[in-house]
Amino acid sequence: MANTEVKGNSAVRGILGWFKKTFDAKYWDSLKFSLYCITHPLDGFWDLTHEKRGTYAAANTILFITVLVRLLNLKYTSFVIQTVYWEDLNIWLYIASILFPLALFVIGNWATTTLFDGKGKLGQVYIGTCYALTPYPLMQVPLMILSNGLTTNEAQFYTVLSVLSLVWCGLLLIAGMGQIHEFGGAKNILFLIFSLFAMLVMVFILMLFFSMITQGIGYFYSLYREFMFRA
Amino acid sequence: MMKKPLKLQIKRIGAILAAAAIGILSVPMYTDAMEHRSYTYIYDYWGDVQDTPDVYEVYKVFTSSELGLDVRFNNPSGLYAHDDKVYVVDTGNNRIVAFVKDEKLGLVQDSVIDSVRFAPGPSTFSGPTDMAISDDGNIFIADKGNNRIIKMDANCNYLMQFDLPVDSALSADTIFLPNKVVVDTAERVYCISDGINKGLLKYEADGTFAGFIGATKAPYDLWDYIWKKFATQEQIDRMTVAVPTEYSNIYMDYEGFIYASVPVSDAQALDDLKVDSVRRLNLLGNNILVNNGEWLNCGDIYWGSAGGYSGPSCFSDVTAFENDIYVCLDKNRGRLFGYDDQGRMVFAFGGNGNMDGYFRRPIAIEHMGYDLLVLDQADCSITYFVLSDFGQNIFNAIDQFDRGEYEASGESWEKVLAADGNYDLAYIGIGRSLLRQKRYKEAMTYFELKYDDDNYSKAFKEYRKEWVQSHLFITVGILLLIFLVPLGIEKYRNMQIEIATSDVFRFPDPEDNMTRAEIREYHKKQRQEFREREKAKKEARKLAKMGSNR
């Protein structure tokens, strides 16, 4: 009896040791700090960069969990709330539809603010944005479970809470960007709008770029075909 | 309702993108990807075409020669079925030919109505377009060329006639061109007149005009309005004038409500829910047609321009069975669309062509029992459809459900499902039958398979209630846990703090190396001191209280 206890303890210790080695205390602290951030946004996001409380590892984790929760939502949210046309779903495109706008926002925000005294570095903007996503998985996972116990009449509860989680994320993003760049309220909002425009410009340029590339490849390909045909 | 046009548009956008992709690749492509393959099909939850076995089969196509007519049909435009008789309004020959349903031969010529006796006006008809028969056996004929609706008895004796009403809403140069006519049990007459777009003309039984009912709304467009503010008169004249569409045909159902079909040509108005393809009018002229299906009851929900036909389905007639399934006739692509009382598609079949079961210009549809008759104006033929075994099972299931035979209905739907696993209504039908049998869990699985959230919610609500009742102990336990666990944690934390801060449980310094007896003695002393302190505190509180009272 005693023997097994010791064994169990050693096993637990082994696992814990592995965890500690793999994820150091800094990682756990920074991950836990996201919970402080979402409840004390101004203070939290200030410390996130200025006191170096946030880490890339934690930011990546939050982003990964967010994407994961979005994917799980497709399968495990009740069909009363949402139906998924699986035949048309491309999982990579779906993931890209989250990551691509996020990347655009991070780059767009950094690119515009850095020209106007924004104190945030690109990495800090990324960390801040990821930390602002924290409420999404936090609220969506319980909602996902709750949705399976709802009827159409009660679906309103789900909708309200779901929207709330997004609004929370949005407010955190606004607060976070303000703190990271050390901007005041009006300037912060203005530059968030600028960021949106920057995103649009980037999308436009990307589209232009890709269509040019396609045209270019098409030109050389037809040239090659013509050449082979004549030769 | 809101998600319908959105879904419709998504589909449309998908189709446009696909078309654009095809255009870019410049691959000549003649087959429309959306075009169905089988004769009969339905739209499933996602709006995808699902091929189904034939619900209706062609019994026979009756042309003039097969019906044994001396004079061939010429441009027939009206069809009317009454009891076991079918009347074809042969517009070009100014006559009405009656046929009797015969078990062996199908339709056999019965009589010809080509004149009315003792009429004050002309005794013959001039381009009659439609007719109706009242419960008393009186015949009403829309005599379009003579600008009148004739009412006569079964022996063709003139009774009365309905003319252009005197109404301030009509301009002076309006001509009365009665096109379609129906009559209710009290012999009130409703008619569509060409060129009058204010709705149906309603006459009382004594011939007095009772007003217009059921006018379709004119599609209103804010953008058009703004544009007109800036456009020149010339430009305005060139713009298409938005007028309310006229009904193409009407049908009086067994309950006395009027089904009216609308020939929709504007796809955008359909998307914006500004027009209805088919309406069911009550006595006040309001549309009471239930439209709970996933998709609009507008016939085809997306349309390419394959085969020379473009635009949405254009209904030329509608008929309704006694089980509230109504069938619309699309003259654009020659298809028949059946919808149930909830507006969900039961079947769609047909097409343009020369084969049996295909049409060239279908103009009117009627039914005898559950048989369907379609009049083709260009072909001058009547196509007689009968239910297939598959269709019979569907109709049985619906009828049995209406009669309250839920288990039998479920069994009929099972037969349908055995023949066609893609038939959505079968799943929902089985689910509804199980729901009535209080087998909620099974019903839920069937509803979930076909995304019927309303019925699922009904079943789930009952199932949840049952579950909570049978698992009362667990439910109460869980509820208690939800409240007690946080409370307990709070309590535990407080206790820990108390322990940590209280002197009673403070252990002696291990460096003192006390014996057990000494430790006991130490704790005893600590407890003694603690009690005294507490006593002192209590006393102090008492004094303070007394002090405050004073």
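Measuring r between the beta carbons of B:Asp136 and B:Glu103 and using R0 = 22 Å, the FRET efficiency lands at 0.20.
The smallest convex shape that holds all Cα atoms of the range A:25-230, its convex hull, gives 166 Å³ per residue. Within the same chain, aspartates and glutamates fewer than 8 places from B:Lys151 are excluded, and of the rest, those with a Cα less than 16 Å from its Cα are B:Asp114, B:Asp130, B:Asp135, B:Asp136, B:Asp143, B:Asp163, B:Asp184, B:Glu187, B:Glu204, B:Asp206. Across the range B:85-92, rounded Karplus estimates of 3J(HN,Hα) from the backbone phi angles (6.51 cos²θ - 1.76 cosθ + 1.60, θ = phi - 60°) give 10, 10, 10, 10, 8, 8, 4, x Hz, Gly and Pro being marked x.
Here is the list for the range B:81-118: trypsin sites (Lys or Arg not before Pro) lying in DSSP coil, each with at most 12 other C-beta atoms within 10 angstrom of its C-beta, are B:Lys104. Anisotropy class assigned to the range B:423-540 is prolate, per the alpha carbon gyration tensor with a/c at or over the 1.5 cut-off and a/b larger than b/c. Only the Cβ atoms of Lys and Arg (+1) and of Asp and Glu (-1) were treated as charged; on that basis the dipole of chain B about its Cα centre amounts to roughly 3880 debye. In chain A, the longest principal axis of the Cα atoms and the axis of helix A:56-76 are about 80 degrees apart.
Highest average first, the peptides B:233-239, B:202-208 ordered by how many other beta carbon atoms sit within 10 Å of their residues are B:202-208, B:233-239.
Between A:Phe229 and B:Arg464, the modelled label-to-label distance comes to 6.6 nm, taking each label 7 Å out from Cα in the direction of the beta carbon. Partners of B:Lys438 within straight-line reach, counting lysines whose Cα lies under 30 Å from its Cα and excluding those fewer than 8 residues away in the same chain: A:Lys75, B:Lys415, B:Lys450, B:Lys458, B:Lys461, B:Lys465. Helix B:440-449 and the long axis of chain B differ in direction by around 60°, with both axes built from C-alpha atoms. Summarised as an ellipsoid, the range B:170-284 has semi-axes of 31, 17, 10 Å, derived from the eigenvalues of the Cα gyration tensor scaled by 5 and square-rooted, with the largest first. Taking chymotrypsin sites (Phe, Trp or Tyr not before Pro) across the range B:209-282, the ones in a DSSP loop with at most 14 further Cβ atoms lying within 10 angstrom of their Cβ are B:Tyr220, B:Tyr254.
The mean count of C-beta atoms from other chains within 10 Å of the C-beta of residues in B:444-450, rounded to a whole number, is 1. Once you have a ≥ b ≥ c as the square roots of the Cα gyration tensor eigenvalues for the range B:355-412, tell me rounded if a/c is under 1.5, and otherwise prolate or oblate according to whether a/b is larger than b/c. Here the range B:355-412 falls in the prolate category.
Potential lengthening of the chain between B:Asp272 and B:His523 amounts to 81.9 nm, from the contour at 0.36 nm per residue minus the alpha-carbon distance. Measuring r between the beta carbons of B:Glu322 and B:Leu479 and using R0 = 56 Å, the FRET efficiency lands at 0.65. With the simple model of a label 7 Å out from the Cα in the direction of the Cβ, A:Met212 to B:Glu407 spans 7.5 nm. From largest to smallest, the equivalent ellipsoid semi-axes obtained for the protein assembly as shown from the alpha-carbon gyration tensor read 73, 36, 28 Å.
If you take the Cα centroid of the range B:433-480 and the Cα centroid of the range A:154-168, the two points sit 24 Å apart. For the protein assembly as shown, the dipole from Cβ point charges (+1 on Lys and Arg, -1 on Asp and Glu) about the Cα centre works out to 5420 debye, to the nearest 20.
Calculate log10 I(q)/I(0) of the range B:358-485 for q = 0.20 Å⁻¹, where I(q) comes from the Debye formula with a single equal point scatterer on each Cα and nothing for solvent. Cα-only, vacuum Debye calculation for the range B:358-485: -1.03. Full extension of the chain segment joining B:Asp454 with B:Val386 gains 21.2 nm, where the gain is 0.36 nm per residue of separation less the Cα-Cα distance. Just check chain B against the gyration tensor rule for me: Cα atoms, a ≥ b ≥ c as the square roots of the eigenvalues, rounded for a/c under 1.5, and otherwise prolate or oblate depending on whether a/b exceeds b/c. It comes out prolate by the Cα gyration axes. Computing FRET efficiency as 1/(1 + (r/R0)^6) for B:Lys85 and B:Asn157, where r is the C-beta to C-beta distance and R0 is 22 Å, gives about 0.70.
Of the residues A:Ala57, A:Leu143, A:Ala132, the one whose Cα sits farthest towards the positive end of the charge dipole of chain A is A:Ala57 (charges of +1 on Lys and Arg Cβ, -1 on Asp and Glu Cβ, taken about the Cα centre). Between the amide H of B:Asp317 and those of B:Leu329, distances stay under 5 Å, these residues lying 5 or more places away or on another chain, with hydrogens modeled in the peptide plane. Centroid-to-centroid, using Cα positions, the range B:82-102 and the range B:291-334 are 26 Å apart.
To the nearest ten degrees, helix B:406-419 and the longest principal axis of the Cα atoms of chain B are 80 degrees apart. Approximating the spin labels as points 7 Å out from Cα along Cα→Cβ, the A:Leu72-to-B:Leu222 distance works out to 4.2 nm. Given +1 at the Cβ of Lys and Arg, -1 at the Cβ of Asp and Glu and no other charges, the dipole of the range A:25-230 around its Cα centre is 380 debye to the nearest 20. Computed per residue of the protein assembly as shown from DSSP H runs no shorter than four, each worth -39500 (n - 2.57), the mean residue ellipticity at 222 nm is -16000 deg cm²/dmol. Which of the aspartates and glutamates could be linked to B:Lys491 by a straight reach, that is with a Cα gap under 20 Å, when you skip same-chain ones fewer than 8 residues away? Within reach: B:Asp503.
Here, each number is a calculation from the coordinates, and none is a lab measurement. All values reported here derive from a predicted model rather than from experimental measurement. Cβ atoms come from the backbone with ideal geometry, glycine included; neighbour counts cover every protein chain shown.
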